[in-house]
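Working notes for the structure below.
The values are calculated or read from the model by the stated rules, or taken from the named source; none is laboratory data. On a predicted model such as this, the values are computed, not experimentally measured, just so you know. Note that we place each Cβ from the backbone using ideal geometry, even for glycine, and neighbour counts take in every protein chain shown. Keep in mind that these areas ignore ligands, DNA and RNA; they rest on the heavy atoms of the full protein, side chains included. Shrake-Rupley method; radii C 1.70, N 1.55, O 1.52, S 1.80 Å.
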Amino acid sequence: MRRPLPSSLMLHLALALCALVVIAPIVWTVGAAFRTQISLLMGHMTFTPIWNNFNEVLWSKTSDFLLNYRNSIIVGVASTVLCVVVATLAAFSLNRLNWPGWVVHIFLAWTMIFHMIPPVALASAWFAMARTVGLENTFTGLILAHATLNLPIAIWLMAVFIREVPKELEEAAIMDGASTPRVLWHVVLPLITPGLAATSILTFISSWNEFAVALTMTMKQTATVPVAIAKFAQDYEIQYTQMAASAALAMLPALIVLLIAQRYIVSGLTQGAVK
């Protein structure tokens, strides 16, 4: 009679399968970036790697990908800073400034409802509002839109981190004469650094990958990377290999940020889970 597999082995097999499901499309995309269009469409299993797709994407006279890359970095960094600052102030206010319980619950419920609305449903209305105030096809309009999209989840995350800061530390600082801004800056923020890092990284990645609003609110000069990748799907041809090369390049910022700040993400997202 066969002995059943150990539960730990089953767990590891299940995790390996989940990892394979996640990694396989990434490996296929990166591999397609080094292939010719004919080799990819014919489904050849073996191929000779080439660099032409990256040359076309980066250095072709008809390509604006480097400009799009710069635009995404500007929008991602600026919207992340704005979103995290507002979310931190909002979370501190909700947890420390003695708001009535019903106000806090209604506010957090509304942020959750807003977060569940598809961005594409808001894009047309935001474009009309931006055009009214002269912010269409500008970085400012897109930065405000991305910060608004990511603000609900940022508020929820920062509220959890701030809630775990002992109130006794803040009360001691207040008794020593510290004002509320000084308490926030010198007492609270140093204690929630992992949470700030985790929230910032998740917000940046969300902004970097956002497509629907960026497509609606930008034109050639301000288009971001996801919009640039979509342009490889043309009316009579889909440039699969160049699209794959663009996607591979688009992974780099998020991958670098995740590798550098991995320990902050883990500690930040688990902060408060164990007291």
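Remarks
- Overall form of the stretch 55-175 per C-alpha gyration tensor (a/c, 1.5; a/b vs b/c): prolate
- Residue range of the chain that is longest and free of GluC sites (Glu not before Pro) which are both DSSP loop and sparsely packed (at most 15 other C-beta within 10 Å): 1-163
- Residue among Ala125, Ala248, Ala147 with the largest mean-square fluctuation in a Gaussian network model of the chain, springs linking Cα atoms under 10 Å: Ala125
- Heavy atoms of Trp99 accessible to a 1.4 Å probe, total area in Å² rounded to 10: 130 Å²
- Ile238 long-range amide H proximity, modeled H, under 5 Å: none
- Using θ = phi - 60° and Karplus 6.51 cos²θ - 1.76 cosθ + 1.60, couplings along the stretch 70-76 (whole Hz; Gly, Pro as x): 4, 4, 5, 5, 4, 5, x
- Checking (1) 7, 33, 39, 19, 1; (2) 7, 24, 23, 17, 13, 9, 5, 3, 1, 0; (3) 6, 21, 27, 23, 15, 6, 2, 0 against P(r) over Cα pairs in 10 Å bins from 0, in percent calculated from these atoms, the matching label is (3).
- Comparing Cα centroids, the stretch 57-118 and the stretch 210-234 end up 19 angstrom apart.
- The chain, helix-only ellipticity at 222 nm - DSSP H runs n ≥ 4, -39,500 (n - 2.57), divided by all residues, nearest 500: -23500 deg cm²/dmol
- Virtual spin-label span in nm between Lys61 and Trp156, 7 Å along Cα→Cβ: 5.1 nm
- The chain: most fluctuating residue of Asn55, Asn98, Asn209 per GNM, C-alpha cutoff 10 Å: Asn98
- Of the listed residues Ser206, Ser79, the order by accessible area with a 1.4 Å probe, largest first, is Ser206, Ser79.
- Dipole magnitude for the stretch 127-275: computed about the Cα centre from +1 point charges on Lys and Arg Cβ and -1 point charges on Asp and Glu Cβ, it is near 80 debye.
- Once the Cβ-Cβ distance of Ala128 and Ile106 is raised to the sixth power relative to R0 = 45 Å, the FRET efficiency obtained is 0.95.
- Charge-dipole axis of the stretch 54-164 as Lys and Arg at +1 and Asp and Glu at -1 on Cβ define it, positive-most pick from Asn98, Ala87, Ser60: Asn98
- Within a Gaussian network of the chain (alpha carbon springs, distance under 10 Å), most fluctuating of Thr199, Thr62, Thr80: Thr62
- Net charge dipole, the chain: roughly 460 debye, given to the nearest 20, about the Cα centre with Cβ charges of +1 for Lys and Arg and -1 for Asp and Glu.
- Multiplying the residue separation of Ile260 and Ile74 by 0.36 nm and removing their Cα-Cα distance gives an extension gain of 65.0 nm.
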